[in-house]
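The values are calculated or read from the model by the stated rules, or taken from the named source; none is laboratory data. Quick caveat: nothing in here was measured; it's all calculated off a predicted structure. Glycine gets a Cβ as well: all are built from the backbone with ideal geometry, and neighbour counts include every protein chain shown. Keep in mind that these areas ignore ligands, DNA and RNA; they rest on the heavy atoms of the full protein, side chains included. Shrake-Rupley method; radii C 1.70, N 1.55, O 1.52, S 1.80 Å.
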Amino acid sequence: MGGGGQQTESSEPAKGDGVGPGGGRGGSAVYTWEEVQKHCHRGDQWLVIDRKVYNITQWAKRHPGGIRVISHFAGEDATEAFVAFHPDPNFVRKFLKPLLIGELAPTEPSQDQGKNAVLVQDFQALRDRLEREGLLRARPLFFSLYLGHILLLEALALGLLWVWGTSWSLTLLCSLMLATSQAQAGWLQHDYGHLSVCKKSSWNHVLHKFVIGHLKGASANWWNHRHFQHHAKPNVFSKDPDVNSLHVFVLGDKQPVEYGIKKLKYMPYHHQHQYFFLSKLLNTFHGFLYRITSTSIEQVKDRPLIRKQHNVVFLESHWFVWVTQMNHLPMEIDHERHQDWLTMQLSATCNIEQSTFNDWFSGHLNFQIEHHLFPTMPRHNYHLVAPLVRALCEKHGVPYQVKTLQKGMTDVVRSLKKSGDLWLDAYLHK
C-alpha cells in the first residue's frame, strides 16, 4: 500500500455500528465481527488488520496491488494476507492511519469465521522464526547468476543464427535454447514480481519490468493485477482469475455439478480432458500471432525467422502450462470458504518432489506450498523451510501433498476428466 486516503461520507460508520466509549466514533469506535462483515460490498468495504478496523472504500481504488486483490478481503480479517504480501509491514502501516475507523470490541476473537486461533498463532510463530533466521532474505549472487544464464542462452542462440544461418537443425537447436531462456525468464520475473530478490521494493519493480517487459514482452501491471489475486484467494471462484476458464472448462467438484443442474453446455465438458491439449495448441498460435504482429515487415518475409519464433512459442507454452497447472488444478477448487491462511493455501496447492532438475525446470515452483505461504521468500530457501511447514501441518492435521513430476502432470488430465464426468452425470440425471 502507499499513500493515505481521506474519509468521505461513505466511510462513516453506519447508524448503529460501532459505539466507542462515551458514544464516540472514528478511531475510538469498537465493532463486532458481525458489524464488520456487513461492509463487504463494492461501494462499502471495511477490513481488519491486527484487530484494527479500516475503511478501504476509497483507498481500494489507489491500492498499488490493484483494487480487486484488496477488495477480496472486504468484511474479513486480512492480517495474514497483509503480512504475507508486504516485505516491510511496519512501513506500510503508516499509510493505514488515515483509514482507521476503530477496532474490534474486547469481547471479539482476533480471528473471524470460526478460524482455528491456535493454528493461526502457530503459523505466525513459524513466520517469526523464519524472519529471525534470515530465511526471508535473498542471496544476490543466486539471482545474478540466474539472470546471467538467461542472457547467455539468448546471446548464444542469436549468435549461432547470425554466424551459421537458419538451417533446420540449427533452427531447432536455437529454438530449444530460446524456449529455455524464455521459460526461465518467466520464473525470474515471478521472483522480482513478488519482491523476493532486492531489499528495496523499487529495485524489484524496475527489474521486474525489465525481465517481463524486455525479455518476455508482457505487461508487469497486468501480471501484478492477476497474480496477486491468485495468491490472495487461490482456487476460489470469482476471486482467483486462474480458475476463471470463461466456460471453456468446468473445474473442481462443485462447478461441474452446478453447470450440469443448470443444463449449461458451452462446451462438451465430458471431453475437456481431451480438448485441453488442443487448447494448448491454440494458446501457442495466439502467442505466435502476438510475436508476428510485433515484428517488422522485412522480418516477416524471413520465413526461417517465423519458423524459429513458432517453435519457441510452442515449446515455451507447453512448459509454462504444465508447470503452473500441476500444483493447483488437481487440488480443491471451490467458492469462498473464509479459511485461515495456512488451510486455504494448503487446500489449493501441492508440491512436486525436490530434485536438481525439478527445481530448475519449475523455477523452484515445485515448492508451491512454501511459495504460497510466504510469497516474498526467495526461492532458494524453500527447501529449508519445507520440513518446518510439513511439521506444522502434521500437528494440526492439514494435508501436505507431495507428488512426483509425472504424477503431477497426469493428475491435471485426471482432474479434468473427473470434473467432466461430474458435469455429464448432473446434466443428464439431475
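What are the ³J(HN,Hα) values, in whole Hz, obtained from phi via the Karplus relation 6.51 cos²θ - 1.76 cosθ + 1.60 with θ = phi - 60°, for each residue of region 413-430 in sequence order, with x given for Gly and Pro?
5, 4, 5, 5, 5, 4, 5, x, 5, 4, 4, 4, 4, 5, 5, 8, 10, 10
Ordered by residue, what ³J(HN,Hα) values in Hz, to whole numbers, does region 115-124 give under the Karplus form 6.51 cos²θ - 1.76 cosθ + 1.60, where θ = phi - 60° and Gly and Pro are x?
For region 115-124, the Karplus curve yields 5, 6, 5, 5, 4, 4, 5, 5, 5, 5 Hz.
Which value in nm describes the separation of the simple spin-label points at Asp88 and Lys417, placed 7 Å from the Cα toward the beta carbon?
The two pseudo-label positions are separated by 5.2 nm.
If the viscosity is 1.306 mPa s and the temperature 10 °C, what translational diffusion coefficient in µm²/s does Stokes-Einstein give for region 57-100 when Rh comes from Kirkwood over Cα pairs?
After rounding, the answer is 143 µm²/s.
For Trp222 paired with Asp128, estimate the spin-label separation in nm (one decimal), with each label point 7 Å from Cα along the Cα-to-Cβ line.
4.3
Assuming 0.36 nm per residue, please report the length gained on full extension of the stretch Arg337 to Phe277 beyond their Cα-Cα distance. Write down the numbers at each step before the final one.
Working: separation 60, 0.36 × 60 = 21.60 nm, distance 3.14 nm.
The span from Arg337 to Phe277 would gain 18.5 nm if fully extended.
Taking every Cα atom in region 183-255, find the radius of gyration and the maximum pairwise distance Dmax, and write them in Å.
Looking at region 183-255, its Cα Rg and Dmax stand at 14.4, 42 Å.
For Lys94, go through the lysines and keep the ones whose alpha-carbon is under 16 Å away, minus same-chain ones fewer than eight residues off.
Hits, sequence-local ones excluded: Lys52.
So if I place +1 on the C-beta of Lys and Arg and -1 on the C-beta of Asp and Glu, and nothing else carries charge, what would the dipole magnitude of the chain be about its Cα centre? I want it in debye, nearest 20.
Dipole of the chain, to the nearest 20 debye: 1000 debye.
Collect residues whose amide H, placed 1.01 Å from N in the peptide plane, falls under 5 Å from the amide H of Ile56; neighbours closer than 5 in sequence don't count.
Correct list: Gln45, Trp46, Leu47.
With a bin width of 5 angstrom, please list the P(r) values of region 132-255 as percents of all Cα-Cα pairs, from the 0 bin to the one holding the largest distance.
Bins of 5 Å from zero give 2, 10, 15, 15, 14, 14, 12, 10, 6, 2, 0, 0 percent of pairs.
Among the listed pairs Lys115/Lys417; Lys199/Lys233; Lys233/Lys263, which are separated by more than 30 Å between their Cα atoms?
On the way: Lys115/Lys417 33 Å; Lys199/Lys233 26 Å; Lys233/Lys263 28 Å.
Over 30 Å apart, Cα to Cα: Lys115/Lys417.
Give the Kirkwood hydrodynamic radius (Å, one decimal) of region 139-192, defined as one over the mean of 1/r across all pairs of different Cα atoms.
Working: mean 1/r = 0.0851 Å⁻¹.
Kirkwood hydrodynamic radius for region 139-192: 11.7 Å.
Could you give me the percent of Cα pairs per 5 Å distance bin for region 365-420, shortest bin first, beginning at zero and ending with the bin that holds the maximum distance?
4, 17, 22, 19, 19, 13, 6, 1
Quick one: putting +1 on the C-beta of Lys and Arg, -1 on the C-beta of Asp and Glu, what dipole do you get for region 36-155 around its Cα centre, in Debye to the nearest 20?
Details: 16 positive and 14 negative charges, 77 e Å.
Result for region 36-155 is approximately 380 debye, rounded to the nearest 20.
Contact order normalised by length for region 74-208, with contacts defined as Cα pairs under 8 Å and 6 or more residues apart; what percent is it? Write out the running numbers ahead of the final one.
Details: 67 pairs, mean separation 27.7, N = 135.
21 percent.
Once Rh for region 51-210 is found with the Kirkwood sum over Cα pairs, what is the Stokes-Einstein diffusion coefficient at 25 °C and 0.890 mPa s, in µm²/s?
Working: Rh = 19.6 Å.
My calculation gives 125 µm²/s for D.
Starting from the residue with the highest accessible area, list Thr171, Thr404 in decreasing order, probe 1.4 Å.
Details: Thr171 0, Thr404 60 Å².
From most accessible down to least: Thr404, Thr171.
So what does log10 I(q)/I(0) come out to for the chain at q = 0.06, 0.12, 0.13, 0.14 Å⁻¹, using the Debye formula with one equal point on every Cα and no solvent?
Reported log10 I(q)/I(0), two decimals: -0.29, -1.10, -1.25, -1.38.
Ignoring everything except DSSP H segments at least 4 long, calculate the 222 nm mean residue ellipticity for the chain; use -39,500 (n - 2.57) per segment, divide by total residues, nearest 500. Write out the running numbers ahead of the final one.
Working: 18 runs with 229 residues, N = 430.
It lands at -17000 deg cm²/dmol.
Enumerate the amide H contacts of Tyr31 below 5 Å, restricted to partners 5 or more residues apart or on another chain; note that Pro and chain-start residues carry no placed amide H.
When sequence neighbours closer than 5 places are left aside, the close amide H contacts are Glu103, Leu104, Ala105.
Compute the acute angle (0 to 90°) between the alpha-carbon long axis of helix 272-293 and the principal axis of greatest extent of the alpha-carbon atoms of the chain; round to the nearest 10°.
So the inclination is approximately 70 degrees.
Mind ranking 41-52, 345-356, 122-133 by how tightly packed they are, going by the mean number of other C-beta atoms within 10 angstrom, highest first? Please report the intermediate quantities before stating the final value.
Values: 41-52: 17.8, 345-356: 19.4, 122-133: 14.7.
Output ranking for 41-52, 345-356, 122-133: 345-356, 41-52, 122-133.
If you stretched the chain out fully between Leu176 and Lys262, how much longer would it get, using 0.36 nm times the residue separation minus the C-alpha to C-alpha distance?
Values: separation 86, 0.36 × 86 = 30.96 nm, distance 4.57 nm.
In short, 26.4 nm is gained.
Which ³J(HN,Hα) values, rounded to whole Hz and listed in residue order, are derived for region 192-207 from phi using the Karplus coefficients 6.51, -1.76 and 1.60 in 6.51 cos²θ - 1.76 cosθ + 1.60 with θ = phi - 60°, glycine and proline given as x?
5, x, 8, 6, 9, 10, 9, 5, 8, 4, 4, 5, 4, 5, 5, 5
Heavy atoms only, 1.4 Å probe, whole protein assembly: order Glu154, Glu76 by accessible area, highest first. List each step's numbers first, then the result.
Working: Glu154 35, Glu76 5 Å².
Descending order: Glu154, Glu76.
With a Förster radius of 35 Å, plug the Cβ-Cβ distance of Ser202 and His149 into 1/(1 + (r/R0)^6) and report the FRET value to the nearest 0.05.
Working from the Cβ atoms, E equals 0.90.
What is the helix-to-structure angle for 303-326, meaning the angle in degrees between its Cα long axis and the longest Cα principal axis of the chain, kept from 0 to 90 and rounded to the nearest 10?
Tilt of helix 303-326: around 40 degrees.
For Val402, list long-range residues whose amide hydrogen, built 1.01 Å from N in the peptide plane, is under 5 Å from its own amide hydrogen.
Correct list: Asn351.
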